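*Asks:* Okay, handing you the structure first.
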Amino acid sequence: MNYISGIESAFKTFIGNESINRLRDSITDKPMILIAGDQLTGKSTQAKNLAEYFGGEFYSVGSLFRQAAKERGITVAEQARLLLVERGIDVEIDYKTCQMISGSNTNSNLGVIEGRQPAYMGSFMANLGKKNIVRLYFQCSILEQALRFLRREIGEEFYQIGRKAIPKKDYETLESLRDEIQLLDINDKQKAIDDFIENQNRDEDDRHRYSELYGFDYGNLDGYDLVIDTNDKEPDVVLDLVIKKLEDFGFRAD
């Protein structure tokens with residue numbers, strides 16, 4: 001796992017030589033559920049639901065990103081552009097993620113952390129001695145992501161229109177799906193298409209940055225204990241499925 005040394009090197013460079021020792025000293029035995037996944041797979045909703053079910057605390061890596069922008073006095077969009085050239089922002093957020101994974105600031109019996117990279121940061125913390133970690137990845141097809149994007153941005157009616165009209169098959173590219181959405185009787189469909197593609201491109205940019213910075217692809221499923229397919233599943237069904245799988249790992253509600 002070469003990315004372990006990549007993370008350690010980045011932390012020492014941007015946070016300080018004692019940063020690793022501070023993380024090691026902060027480790028507790030509190031269980032941590034780490035959630036990543038494709039966009040629009042419902043991972044944020046499920047992370048909150050799991051925290052409530054298990055009586056734990058919910059943490060969002062995205063909130064660290066927004067807080068970092070606020071502290072710099074810039075917008076989230078401006079900070080996103082800075083990420084392309086300023087590596088220290090990513091490293092600072094990832095270090096704070098590792099501090100959350102340690103459990104030292106968790107007042108309840110466990111924590112649930114959702115974001116792009118917590119599972120791989122969890123592997124790094126496990127290398128430092130952290131135990132009781134389970135790493136989940138939520139995934140669904142490009143078609144399902146596009147339909148959920150229509151639901152979120154335009155409304156339930158258009159989600160249902162797309163579900164009925166777009167042929168169900170494995171779309172390997174956004175371009176092939178774009179052609180199908182163009183045929184739908186939906187107002188502002190061009191804007192929806194452009195926004196969805198921009199959404200996907202940001203994810204690709206993030207994956208590329210992490211690969212360059214640490215040497216891992218957070219979309220590589222080898223880095224996870226459980227992979228949850230949310231295609232054609234409503235949130236309550238997904239939650240029940242995840243709870244059953246987590247119980248096999250020893251997680252129990254209070």
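The values are calculated or read from the model by the stated rules, or taken from the named source; none is laboratory data. These numbers were taken from a predicted model, which means no experiment stands behind them. So basically every Cβ, Gly included, is an ideal-geometry build from the backbone, and we count neighbours across all protein chains shown.
*Asks:* Among Phe158, Phe138, which is surrounded by 14 or more Cβ atoms within 10 Å (Cβ to Cβ), out of contact with any strand residue (DSSP E or B) (no Cβ under 6 Å at 6 or more places or on another chain), of a type outside the set (D, E, K, R) and at pLDDT 75 or above?
*Replies:* The conditions single out Phe158.
*Asks:* Here is a list of conditions, (1) surrounded by 11 or more Cβ atoms within 10 Å (Cβ to Cβ); (2) free of Cβ contacts under 8 Å to residues at least 24 places away in the same chain; (3) assigned by TED's automatic domain parsing to the domain that holds Tyr159, and Lys245 meets all of them except one; can you say which number that is?
*Replies:* (3)
*Asks:* Could you tell me whether Glu204 is in a loop (DSSP other than H, G, I, E, B) and either within 19 Å of Gly37 (Cα to Cα) or among the basic types (Lys, Arg) (or both)?
*Replies:* No, not satisfied.
*Asks:* Criterion first (more than 30 Å from Ser9 (Cα to Cα), of a type in the set (D, E, K, R), without any contact (Cβ under 8 Å) to a residue 40 or more places away in the chain and in the same structural domain as Ala36 (by TED's automatic domain parsing)) does Lys168 satisfy it?
*Replies:* The answer is no for Lys168.
*Asks:* Shifting gears a bit: Which residue is farthest from Asp206 (Cα to Cα), if the candidates are limited to the stretch 1-38 and must be free of Cβ contacts under 8 Å to residues at least 40 places away in the same chain and not charged (D, E, K, R)?
*Replies:* That would be Asn21.
*Asks:* Answer yes or no: is there a residue in the stretch 74-88 that is touching a residue at least 12 places away in the same chain (Cβ under 8 Å), in a helix (DSSP H, G or I) and under 30 Å from Leu177 (Cβ atoms).
*Replies:* Yes, the stretch 74-88 contains at least one residue that is touching a residue at least 12 places away in the same chain (Cβ under 8 Å), in a helix (DSSP H, G or I) and under 30 Å from Leu177 (Cβ atoms).
*Asks:* Can I ask one more? Kindly list the number of the only condition in (1) within 21 Å of Lys233 (Cβ to Cβ); (2) part of a helix (DSSP H, G or I); (3) under 16 Å from the mean Cα position of the chain (by Cα) that fails for Val134.
*Replies:* Here Val134 meets the rest and fails (2).
*Asks:* If Asn49 satisfies every condition in (1) out of contact with any Lys or Arg (no Cβ under 8 Å at 6 or more places or on another chain); (2) farther than 28 Å from Arg252 by Cβ but one, which is the exception?
*Replies:* So the condition that Asn49 fails would be (2).
*Asks:* OK, next. Within the stretch 171-185, work out how many residues are in a loop (DSSP other than H, G, I, E, B), crowded, with 16+ Cβ neighbours inside 10 Å and without any contact (Cβ under 8 Å) to a residue 24 or more places away in the chain.
*Replies:* Of the residues in the stretch 171-185, 0 are in a loop (DSSP other than H, G, I, E, B), crowded, with 16+ Cβ neighbours inside 10 Å and without any contact (Cβ under 8 Å) to a residue 24 or more places away in the chain.
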